[in-house]
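Below: one structure, written as structure tokens.
The values are calculated or read from the model by the stated rules, or taken from the named source; none is laboratory data. Just so it is clear, the model here is predicted, and its values are computed rather than measured. Backbone-built Cβ (ideal geometry, glycine too); neighbour counts: all protein chains shown.
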Ligand SMILES: O=C(O)CCC(=O)C(=O)O
């Protein structure tokens, strides 16, 4: 599904956009699943929609921003289980991670029209550090994304600098690393942006009249061990390619 040159581009730059991984029907199925999850979550007392925080905007502006984030969507709708271990995804992941690939977690991100919140620049590493840094995100686009509706932006090659200290372990200092520093990665619905968890990335607010809906799946080599007891979730470890060579059971504090 990808060429050796594309895999080499990923290794050098820490990211790779692969076009047309999912077709129109598959995208429609994920969009419908997203809407249904949001509806069910709104009716549930367990809704953990992310309320936006940070000091990169005045509090009164922050209050107006909305980001619907929802973890582990593949435990909520089988459309996402099919997507995250789709043979086209598996063939790409094999070339970027290696023969054995495992899911760490998934997350849906919906930036509603006009007030969808920004994501200040950060690495994903502080949220779930691992020893060998094989962890990478696959951001599945359910909508066309561009600068106007807050597409992802990355700093090419930043994965080579290793882990960088984060403010309160969440974001990089926005004065030192403004979102505008990133290379915009516009994409079409069905495209997938792959990026290493050390690649600095973020996205701006959605200023358009269109939603920006993505599902982000984190994958790793199963032999790459967590270096901190954080971000453990139910059912973590679904194999997408190859086999799991270790029988050690990783149990977190939860
Ligand atoms: O999808 C985005 O705009 C950014 C998401 C992100 O950076 C994250 O969840 O770590």
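Condition test on residue 217, is it touching a strand residue (DSSP E or B) at 6+ places or on another chain (Cβ under 7 Å), farther than 16 Å from residue 105 by Cβ and within 15 Å of the ligand (Cβ to nearest atom)? Taking the combined requirement at face value, the residue does not satisfy it. The set of residues in the stretch 196-207 being more than 9 Å from the ligand (Cβ to nearest atom), in a strand (DSSP E or B) and within 12 Å of the chain's Cα centre (by Cα) consists of 196 alone.
Could you tell me whether the stretch 140-160 includes any residue that is free of Cβ contacts under 8 Å to residues at least 40 places away in the same chain, surrounded by fewer than 21 Cβ atoms within 10 Å (Cβ to Cβ) and either in contact with a strand residue (DSSP E or B) (Cβ under 7 Å, 6 or more places away or on another chain) or closer than 24 Å to residue 71 by Cα (or both)? Give the derivation first.
Of the residues in the stretch 140-160, the ones free of Cβ contacts under 8 Å to residues at least 40 places away in the same chain are none.
Within the stretch 140-160, none of the residues are free of Cβ contacts under 8 Å to residues at least 40 places away in the same chain, surrounded by fewer than 21 Cβ atoms within 10 Å (Cβ to Cβ) and either in contact with a strand residue (DSSP E or B) (Cβ under 7 Å, 6 or more places away or on another chain) or closer than 24 Å to residue 71 by Cα (or both).
How many of the residues in the stretch 150-169 are assigned to a loop (DSSP other than H, G, I, E, B) and within 10 Å of the ligand (Cβ to nearest atom)?
Here is the first cut: in the stretch 150-169, the ones assigned to a loop (DSSP other than H, G, I, E, B) are 150-151, 155-157, 162-166, 168-169.
So of that shortlist, the ones also within 10 Å of the ligand (Cβ to nearest atom) come out as 150-151.
Number of matching residues: 2.
Residues in the stretch 170-192 that are part of a helix (DSSP H, G or I) and either within 11 Å of the ligand (Cβ to nearest atom) or touching a helix residue (DSSP H, G or I) at 6+ places or on another chain (Cβ under 9 Å) (or both): 179 alone.
Taking the stated definitions as given, is residue 138 under 22 Å from residue 240 (Cα atoms) and within 12 Å of the ligand (Cβ to nearest atom)?
Values: under 22 Å from residue 240 (Cα atoms): yes; within 12 Å of the ligand (Cβ to nearest atom): yes.
Considered against the rule, which asks whether it is under 22 Å from residue 240 (Cα atoms) and within 12 Å of the ligand (Cβ to nearest atom), residue 138 comes out as yes.
Entry remark, the stretch 171-195: residues being within 23 Å of residue 143 (Cα to Cα) and within 19 Å of the chain's Cα centre (by Cα) number 15 in total.
So which helices (runs of 4 or more DSSP H) stay within the stretch 51-137 end to end and still have 3 or more residues that are out of contact with any helix residue (DSSP H, G or I) (no Cβ under 6 Å at 6 or more places or on another chain) and at pLDDT below 95?
59-64
Report, by residue number, each residue of the stretch 113-124 that is over 22 Å from residue 89 (Cα atoms) and either within 13 Å of the ligand (Cβ to nearest atom) or crowded, with 18+ Cβ neighbours inside 10 Å (or both).
Of all residues in the stretch 113-124, those over 22 Å from residue 89 (Cα atoms) come to 113-123.
Once the filter is applied, which keeps residues that are over 22 Å from residue 89 (Cα atoms) and either within 13 Å of the ligand (Cβ to nearest atom) or crowded, with 18+ Cβ neighbours inside 10 Å (or both), the stretch 113-124 yields 116, 117, 118, 119, 120, 121, 122, 123.
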